Amino acid sequence: MFSADIITLFPEPVQAYLDASIPGRSQAKGLARLRAVDLKDYCGHDHHLADDEPFGGGAGMVLKPEPIFAAVADLRRPETKVILTDAGGRILDHPLARELSLEEHLVFICGRYKGVDERVRRLADLELSLGDFVLSGGELAALAAVEAAVRLVPGVLSDAEAALADSFEGEGLLDCPWYTRPAVFGGMRVPDVLLSGDHEAVKRWRRERALERTRRLRPDLLDE
């Protein structure tokens, strides 16, 4: 079973996300266990004191090492992979999501404020980033990684083709355009081929549009 624990100062909104949509469905099917872990529960006698001022001065607060080390020690199993969310980490992409989906147990350490005490890095098997921009904490990166991974766990999606047709699967192309009813809206018509009933023609059209969209928006994904 795929399982993930997200160590955070904000367990309620994180757990709410984990219990919704596809992550929630994965748990309802018994294929995953996804949990938000409250860092404050590991603060010992300094209950709720998870951060402190940085040595040497400077604006902002730093997450203390003691509660993070305690939380990881409590959660870690032989098969655990510990992931620290950090701006300098590996950028989350589809190949990484595929790697993570094959792990048995992930533990995410979510940075907050100015980050974590530098000594926390020695706990991490991987540092993860969403990109070159700044967020207030690592929760969104952890949630993005969990959802991207859990949807690739066999049996989670009700239609296996849904995952294979997603952007970056198969040939590594962006997804093609999709349409639904009504066939005409605001003077805009659905392409005739999609209404033709010719499944082979539809398949060809979708691949052509996927190639066209990838070439226009993400040419770096093409081997040409």
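Nothing in this text is a laboratory measurement; each read-out follows from the coordinates by a stated rule. Predicted model, so just to flag it, every value in this text is computed and none were measured. As a convention, Cβ positions derive from the backbone with ideal geometry for all residues, glycine included, and neighbour counts pool all protein chains shown.
Fully extending the segment from LYS114 to ALA20, taken as 0.36 nm per residue of separation minus the present Cα-Cα distance, adds 30.9 nm.
Each Lys or Arg adds one and each Asp or Glu subtracts one; over the other residues with Cβ under 14 Å from the Cβ of PHE55, this totals -2.
In the chain, once you exclude exposed trypsin sites (Lys or Arg not before Pro) (DSSP loop, at most 16 other Cβ within 10 angstrom), what's the longest stretch remaining?
Values: sites that count: LYS29, ARG76, LYS114.
For trypsin sites (Lys or Arg not before Pro) (loop position, at most 16 other Cβ atoms within 10 Å), the longest site-free span of the chain is 115-224.
Computed over the chain with a Gaussian network model linking Cα atoms closer than 10 Å, the most mobile of ALA201, ALA70, ALA142 is ALA201.
List the GluC sites (Glu not before Pro) within the range 79-154 that DSSP assigns to loop and that have no more than 14 neighbouring Cβ atoms inside 10 Å. Walk me through the intermediate numbers first.
Details: sites: GLU79, GLU99, GLU103, GLU104, GLU118, GLU127, GLU139, GLU147; in loops: GLU79, GLU103, GLU104.
For GluC sites (Glu not before Pro) across the range 79-154 that sit outside H, G, I, E and B with at most 14 neighbouring Cβ atoms in 10 Å, the list reads GLU79, GLU104.
Near PRO23, within a Cβ-to-Cβ distance under 12 Å, what is the net charge of the other residues, with Lys and Arg +1 and Asp and Glu -1?
Numbers: positive: ARG25, LYS29, ARG33, ARG35, ARG151; negative: ASP19, GLU147.
Neighbour charge sum, excluding PRO23 itself: +3.
Put the Cα centre of the range 103-159 next to the Cα centre of the range 67-81 and the gap is 15 Å.
For GLU200 and GLU127, calculate 0.36 nm times their separation in residues minus their Cα-Cα distance, and state this gained length in nm to one decimal. Mind dumping the intermediate values first?
Values: separation 73, 0.36 × 73 = 26.28 nm, distance 4.36 nm.
The span from GLU200 to GLU127 would gain 21.9 nm if fully extended.
For the range 100-112, backbone phi angles converted through the Karplus equation (6.51, -1.76, 1.60; θ = phi - 60°) give residue-by-residue couplings of 5, 5, 8, 7, 7, 8, 10, 10, 9, 9, 8, x, 7 Hz, Gly and Pro being listed as x.
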